[in-house]
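Have a look at this one.
Any read-out appearing in this document is the output of simple, stated calculations on the displayed coordinates, not a laboratory observation. Values in this document were obtained by computation on a predicted structure and should not be read as measured data. All Cβ positions, even for glycine, are placed from backbone atoms using ideal geometry, and neighbour counts span all protein chains on display.
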Amino acid sequence: MADTTPAPKPRGRLAHWWDGDFAYQFRRSPVAMISFTVVMLMVLAAIFAPLIAPYDPFDPASLNLMNGFSSPMEPNAFTGETFWLGTDDQGRDVFSTILYGLRISLFVGAAAVGFAMVLGITLGLVAAYVGGWVETIIMRIADVQLTFPAILVAMLIFGVAKGITPVEYRDQMAIWVLIVAIGLSDWVQFARVVRGATLVEKNKEYVQAARLIGRGSGAIMLRHILPNVLSPVLVIATISLALAIIAEATLSFLGVGAPPTQPSLGTLIRIGQGFLFSGEWWILLFPACTLLALALAVNLLGDWLRDALNPKLR
Amino acid sequence: MLAYSLRRLFQSFIVLLVVGLVAFSMFRFVGDPIDSLLGQERTQSDIERLRGELGLDDPFIVQYGAFLGRAVQGDFGLSYRQARPVAEIIAERAPATLELALVSAGFAMFFGVVLGIFTAIRRDGFAANAIMSVSLIGVSLPTFLIGILLIYLFSVELGWLPSFGRGDVVDLGWWTTGFATGSGLKALILPSITLGLYQMTLIMRLVRSEMLEVLRADYIRFARARGIREKSVNFRHALKNTLVPVITVTGLQLGSIIAFAIITETVFQWPGVGLLFINAIQFVDIPVMAAYLMLISVMFVAINLIVDLLYFAIDPRLRADRSGGH
């Protein structure tokens, strides 16, 4: 693979990056390349779902009940239409619902991790930089929360939030509630790592120098310390993404997540489980495989990233 | 030792107070208790009377104290959905969850330790490598998919085992058990494998890595040099010293088993506390949610406390370090 890189003629930033250590590690690892490709394909499929999907599963006008329960790759007995991955009881194309489900799963997962990241980084930075009772309170809360499994915390937050939202908004708000619930259940990891790294960084010379020239605490935390503690955060974020996607799928599967009007992969699996006994295996199997491939790919990518960003492990 | 225990006890107490506060706030501020208890037809005097009875006009701290007092006595109020005392409903459901958790913990511990030892001793064997690879997939599979997979294999395709419920249970008055009947035992198999599989892989990997660590130690080499039989080295000398972290992790996992039972119980429609909790969330049955939160916190905190103290008792090094009051 390394032979194919162009000879160093005009070196742009991208080419420089491509020759760099990080990219080299990437090109050398088939697992990283495959999982990265899988994740990218899924992200693209999710973004362009309305363009790729052959049918719009949420447009009642396009649904034909006669198409219900079509087997994959076989023409329907009544209408003669063929669906790649079959249809469900309503005659919805399974492939299209998976694309839209992937969209919601990825969106919720990414947004939840983003939320957890912002919250965790902020609290971790503040805890380490300010210290004193602020640090005690933040880290105590983190300890208490860590005693409980994240999924349980997410369920509770979801339940309480559901109780607070008025009945008529519950379905619309469910996705956002889900993001907040999963995000709040996951910030502790980020806060702990950022705090640990910040405690080391804050006594280094460059921080002292910045303080000496009179930069404010906020600027020092954001502009000076934060860039230096980001690489472990990146690793945790990737692994958190896999966990968040699975957490979202689990909650939706249990019926306390994405509503049937906005089905995520977990909701689709929940629906599909109902048809397991009557022999319509495809309604369950394909969403389940998609979820599995996504979670596995993100996990492997996270593992690789952890090794690649930590030169000590090589 | 005493100072450490007391401090841990105090910390646990604070945690429980905070959780109690969360549970109480759910009661008090999520939804209107008056709305939930009185129907549409109510008069102003009814509302006044109920407010007085429930103590809703008292200061916050007094209400919180009263709530804790009732909770300690096991009184969590009435379920909004079933209109029965929450304590009664939970007591009715608890045996199912506890039996399931017990069987899965036993399954996870037994196979986890056995497979862990096996993969450590036969480190380069084919079987050991196969087990390790399969376990990696097992960790990335979400619990509910494992459950569905097992149902598909053993209930739908093979038809050997039931796919939902507890089977026939024997009612002992205060406890219902599935251990006494054939169908009860059969119904336990799939859910407990589903629930225990993740913990099993965890314990297996832990035992394996600890064993590998210990087997490299000098005293093991010395034991071999003295001509002690391989079996004795492995089990008498090595295994014993791997058990401290294993006990800690297994203990901590006990709490997770009860929490993750929520997922397994939903997949298998197992009539336990977890399914009750999920239904409570779906129907916003706040008293049940609050009671579940309180119960599971007491359990988690107690397990953490016991494991910490146990750790302390088992590992003499910790005692030496901390006896000065840390």
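Which of the listed residues, B:Pro191, A:Ser29, A:Ala288, is farthest toward the dipole's positive end in the protein assembly as shown, when Lys, Arg count +1 and Asp, Glu count -1 at the beta-carbon?
A:Ser29
Taking the Cβ of B:Arg216 as the centre, find all other residues whose Cβ is under 14 Å away and add up their charges (Lys, Arg: +1; Asp, Glu: -1).
Combined, the nearby Lys, Arg, Asp and Glu give +1.
Using a Gaussian network model of chain B with C-alpha springs under 10 Å, which one of B:Leu115, B:Leu172, B:Leu16 is most mobile by mean-square fluctuation?
B:Leu172
Now, a different point. Peptides A:24-32, A:166-174: what's the order by average Cβ count within 10 Å, highest mean first?
On the way: A:24-32: 14.7, A:166-174: 12.8.
With the highest mean Cβ count within 10 Å placed first, the list reads A:24-32, A:166-174.
Sorted by mean Cβ packing within 10 Å, highest first, what order do the peptides B:208-218, B:296-306, A:94-104, A:130-140 take?
Answer by packing, highest mean first, reads A:94-104, B:296-306, B:208-218, A:130-140.
Oh, and also: So what's the back-of-envelope 222 nm ellipticity for chain B, counting only DSSP H runs of four-plus at -39500 (n - 2.57) apiece and dividing by all residues, rounded to 500?
Mean residue ellipticity at 222 nm (helix-derived): -24000 deg cm²/dmol.
Expressed as a fraction of 2.2 N^0.38 Å, the rule-of-thumb size for a compact globular protein of N residues, what is the C-alpha radius of gyration of the protein assembly as shown?
It is 1.07.
As I understand it, the value is the acute angle between the Cα axis of helix B:60-72 and the longest principal axis of the Cα atoms of chain B; what does it come to in degrees, rounded to 10?
Relative to chain B, helix B:60-72 is tipped by roughly 60 degrees.
Just need the relative contact order of chain B here, percent rounded to a whole number, with Cα pairs under 8 Å and 6+ apart.
Relative contact order here is 27 percent.
Now for a different question. Once the Cα atoms of helix B:2-29 and of chain B are each reduced to a long axis, what angle between those two axes, in degrees from 0 to 90 to the nearest 10, is obtained?
On a 0 to 90 degree scale, this one is about 40.
Next question, about the same structure. Hey, how many Å between the Cα centroid of segment A:114-182 and the Cα centroid of segment B:86-163?
30 Å
I've got another one for you. Provide a whole-number value for the mean count of partner chain Cβ atoms within 10 Å of the Cβ atoms in peptide B:142-151. Show your work: numbers first, answer last.
On the way: counts 12, 4, 10, 11, 0, 2, 9, 1, 0, 3.
Shielding by partners across B:142-151 averages 5.
Let me ask you something else. For chain B, how big is the tail of P(r) above 28 Å, as a whole percent of Cα pairs?
Every Cα pair in chain B considered, those over 28 Å come to 56 percent.
Find out how many positive minus negative residues lie around A:Ile52, taking Lys and Arg as positive, Asp and Glu as negative, among other residues whose Cβ is under 14 Å from that of A:Ile52.
That sum, taken over residues with Cβ under 14 Å, equals -1.
By Kyte-Doolittle mean hydropathy of at least 0.5 and Cα axial length of at least 18 Å, which whole DSSP H helices of chain A are selected?
Those that clear 18 Å and a mean of 0.5 are A:30-47, A:94-130, A:132-147, A:150-164, A:170-184, A:187-201, A:226-254, A:282-309.
Using a 10 Å cut-off around each Cβ of peptide A:141-149, what is the average number of partner chain Cβ atoms that fall inside?
4
Quick one: putting +1 on the C-beta of Lys and Arg, -1 on the C-beta of Asp and Glu, what dipole do you get for the protein assembly as shown around its Cα centre, in Debye to the nearest 20?
3140 debye
Answer with one residue from A:Ile157, A:Thr261, A:Ala197: the one whose Cα lies farthest towards the positive end of the charge dipole of the protein assembly as shown, charges on Cβ with Lys, Arg +1 and Asp, Glu -1.
Most positive-ward Cα: A:Ala197.
Sorted by packing (mean other beta-carbon atoms within 10 Å per residue), highest first, where do A:13-23, A:231-241, A:290-300 land?
A:290-300, A:231-241, A:13-23
If you take every residue apart from A:Met155 with its C-beta less than 14 Å away from the C-beta of A:Met155, what net charge results, scoring Lys and Arg +1 and Asp and Glu -1?
Within the 14 Å Cβ shell, the charges total -3.
Quick one: plug the Kirkwood hydrodynamic radius of segment A:146-266 (C-alpha pairs) into Stokes-Einstein at 20 °C, 1.002 mPa s, and report D in µm²/s.
This corresponds to a translational diffusion coefficient of 129 µm²/s.
For A:Asp89, enumerate residues with amide H under 5 Å from its amide H, sequence gap 5+ or separate chain, H modeled in the peptide plane.
Amide H neighbours of A:Asp89: A:Phe69.
Quick check for me: using +1 on Lys/Arg Cβ and -1 on Asp/Glu Cβ, what's the dipole size of chain B about its Cα centre, in debye to the nearest 20?
Charge dipole of chain B: 1960 debye, to the nearest 20.
Measure nothing fancy, just the Cα-based angle from helix B:182-215's long axis to the longest principal axis of chain B, in degrees from 0 to 90, nearest 10.
50 degrees
Sticking with the crude label model, points 7 Å out along Cα→Cβ, report the distance from B:Ser209 to B:Phe312 in nm, one decimal please.
In this crude spin-label approximation the distance works out to 2.7 nm.
Could I ask something else about it? Considering all alpha-carbon pairs of segment A:29-313, what whole percent are spaced by more than 23 angstrom?
Values: 24664 of 40470 pairs.
Percentage above 23 Å: 61.
Please state the charge dipole magnitude for chain A, taken about the Cα centre, from unit charges on C-beta atoms (+1 on K and R, -1 on D and E), reported in debye and rounded to the nearest 20.
On the way: 21 positive and 21 negative charges, 338 e Å.
So the dipole magnitude of chain A works out to roughly 1620 debye.
Using helices alone, I'd like the mean residue ellipticity at 222 nm for chain A: each DSSP H run of four-plus residues gives -39500 (n - 2.57), total over residue count, nearest 500.
On the way: 13 runs with 209 residues, N = 314.
Helices in chain A give a 222 nm mean residue ellipticity of -22000 deg cm²/dmol.
From Cα pairs below 8 angstrom and at least 6 apart in sequence, can you work out the relative contact order of chain A, rounded to a whole percent?
Relative contact order for chain A comes out at 21 percent.
Sticking with this structure for a sec: Can you tell which of B:Leu98, B:Ile131, B:Val86 lies farthest toward the positive end of the dipole of segment B:82-134, using +1 and -1 charges on the Cβ of basic and acidic side chains (Lys, Arg; Asp, Glu)?
So the residue furthest toward the plus end is B:Ile131.
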